[in-house]
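First up is the structure itself, then whatever we jot down about it.
The values are calculated or read from the model by the stated rules, or taken from the named source; none is laboratory data. The shown structure was predicted, so the numbers you read here are calculated from the model rather than taken from an experiment. When we count neighbours, we look across all protein chains shown, and the Cβ atoms used for this are built from the backbone with ideal geometry, even at glycine.
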Amino acid sequence: MRIGVDLGGTKIEMIALRDDGAPLLRRRVPTPAKDYLGILDAVADLVIFAEQELAQKGTVGVATPGAISPKTGFIKNSNSIVLNGKPLNRDLSIKLGRPIRLENDANCFALSEAVDGAAAQAGIVFGVILGTGVGGGLVVNRQLITGRNKIAGEWGHNPLPWAGENERPGPRCYCGKSGCIETFLSGAGLARDYHTRTGLDLSARDIALSVTARDHNATECFDAYKNRLARSLATAINVLDPDAIVLGGGLSNLTQLYDELLGLIAIHSFSDSIDTPIMRAQHGDSSGVRGAAWLWPAISAV
Ligand SMILES: [Zn+2]
């Protein structure tokens, strides 16, 4: 049995999977606010609950925003600020009396979709999160590639490619640079662009609804978004040439996003034709927690 835990800023979700990926048990609890020890307890309680309920032990994988610093072994870059600078992996391993695996939530998303999700048959899979933030993960032959500096797949903080006059230098990003892909392709980025064009505040979801209703400003804004996404994916394809790209996160649910996207990508790719499947995530919001469970390969049962 594999247990996955998705440790988010507002909720902690647990799933127990059978070795073939079938879900056995799920549970969700609120994340103790600003309370590191409380978070450790909550994660451990979920694991213990699953093992008691199912009367078997499992491997434990954890998905969380941010990354483990290769230098210190501590969490960095997490928007759950209380985790930053903490040896979460070590503390959870001690608490649960076994090694645990901990990975960035975008990496877990990519792994889940590559193992038994939308891209289950693909060799090289680039998983892309388009949500509050823009992240990504790379999986090759069902193995997560984290990279030497633990930043493989982090395309969101590359600059927007082929930026036009009106896109330079681009919005300021929290990472300290300007014009990062994330500043254009996050939900907030789409809403900001709509505000710039119209002076109105509309959420990404409402902008999509307005596109469906053939609102001119929303359509123009959404077309620009799609064009920026295509340019950004074209550079990822030029580097990785993956067998599949899976889109996840809130904005990936906008069905209009997929219309003619491949044609726009082809314009910017270094190839006379592009046939990369661009897929919507199969497991939706569960991809993170499922990917956390899949951090332990099938043969490594505890
Ligand atoms: Zn940035």
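For every residue, the table says whether it meets (1) modelled with pLDDT of 95 or more; (2) surrounded by fewer than 16 Cβ atoms within 10 Å (Cβ to Cβ); (3) assigned to a strand (DSSP E or B).
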position: 237; (1), (2), (3): yes, no, no
position: 242; (1), (2), (3): yes, no, no
position: 247; (1), (2), (3): yes, no, yes
position: 257; (1), (2), (3): no, no, no
position: 264; (1), (2), (3): yes, no, no
position: 276; (1), (2), (3): yes, no, no
position: 288; (1), (2), (3): no, no, no
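Scanning the range 147-164 for residues that are of a type outside the set (Phe, Trp, Tyr) and surrounded by 18 or more Cβ atoms within 10 Å (Cβ to Cβ), which turns out nearest to the ligand (Cβ to nearest atom)?
157
Give the residue, chosen from 74, 126, that is of a type in the set (Phe, Trp, Tyr) and farther than 19 Å from residue 281 by Cα.
Every option except 74 fails the conditions.
So which of 70, 87, 99 is touching a Phe, Trp or Tyr at 6+ places or on another chain (Cβ under 8 Å) and not polar (S, T, N, Q)?
The conditions single out 87.
Going by the conditions given, is residue 145 in contact with a Leu (Cβ under 7 Å, 6 or more places away or on another chain), closer than 16 Å to residue 67 by Cβ and in the same structural domain as residue 225 (by TED's automatic domain parsing)?
Judged against the criteria, residue 145 is a match.
Can you list residue pairs whose Cβ atoms sit under 9 Å apart, with the first residue in the range 257-286 being over 18 Å from residue 114 (Cα atoms) and the second being part of a loop (DSSP other than H, G, I, E, B) and among the hydrophobic types (A, V, I, L, M, F, W, C)? Count only pairs 6 or more apart in sequence or on different chains.
What qualifies is 262/274; 263/274; 265/274; 266/274; 268/162.
Among the numbered conditions (1) modelled with pLDDT of 95 or more; (2) away from the ligand (no atom under 14 Å from the Cβ), tell me where residue 179 comes up short.
(2)
Conditions tested, residue by residue: (1) touching a Lys or Arg at 6+ places or on another chain (Cβ under 7 Å); (2) part of a strand (DSSP E or B); (3) at pLDDT 95 or above.
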| site | (1), (2), (3) |
| --- | --- |
| 106 | no, no, no |
| 110 | no, no, yes |
| 119 | no, no, yes |
| 122 | no, no, yes |
| 137 | no, yes, yes |
| 150 | no, no, no |
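Could you check residue 193 against (1) surrounded by fewer than 19 Cβ atoms within 10 Å (Cβ to Cβ); (2) over 19 Å from the mean Cα position of the chain (by Cα); (3) over 29 Å from residue 71 (Cβ atoms) and say which number it fails?
(1)
Would you check which residues across the range 4-45 are hydrophobic (A, V, I, L, M, F, W, C), more than 15 Å from residue 290 (Cα to Cα) and touching a strand residue (DSSP E or B) at 6+ places or on another chain (Cβ under 8 Å) and list them?
29, 39, 42, 43
Checking the conditions here, which among 128, 211 is within 16 Å of the ligand (Cβ to nearest atom) and outside any loop (DSSP other than H, G, I, E, B)?
Going through 128, 211 in turn, the sole match is 128.
Looking at (1) at pLDDT below 95; (2) under 20 Å from residue 290 (Cβ atoms); (3) in a loop (DSSP other than H, G, I, E, B), can you tell me which one residue 79 breaks?
For residue 79, the failing item is (2).
Tally up the residues in the range 189-205 that are modelled with pLDDT under 95 and either among the basic types (Lys, Arg) or within 14 Å of the ligand (Cβ to nearest atom) (or both), please.
The qualifying residues number 2.
Can you find even one residue in the range 165-176 that is more than 10 Å from the ligand (Cβ to nearest atom), under 18 Å from the mean Cα position of the chain (by Cα) and over 16 Å from residue 69 (Cα atoms)?
The answer is no, given that none of the residues of the range 165-176 is more than 10 Å from the ligand (Cβ to nearest atom), under 18 Å from the mean Cα position of the chain (by Cα) and over 16 Å from residue 69 (Cα atoms).
Kindly indicate whether residue 118 is farther than 19 Å from residue 296 by Cα, touching a strand residue (DSSP E or B) at 6+ places or on another chain (Cβ under 9 Å) and among the aliphatic types (A, V, I, L, M).
Yes.
How many residues does the range 156-184 contain that are closer than 15 Å to residue 268 by Cβ, in a loop (DSSP other than H, G, I, E, B) and in contact with a helix residue (DSSP H, G or I) (Cβ under 9 Å, 6 or more places away or on another chain)?
Count: 5.
Give all pairs with beta carbons closer than 6 Å in which a residue from the range 170-191 that is at negative phi meets a residue that is part of a loop (DSSP other than H, G, I, E, B) and within 7 Å of the ligand (Cβ to nearest atom); count only pairs at least 6 apart in sequence or on separate chains.
So the pair list comes out as 180/173; 183/173.
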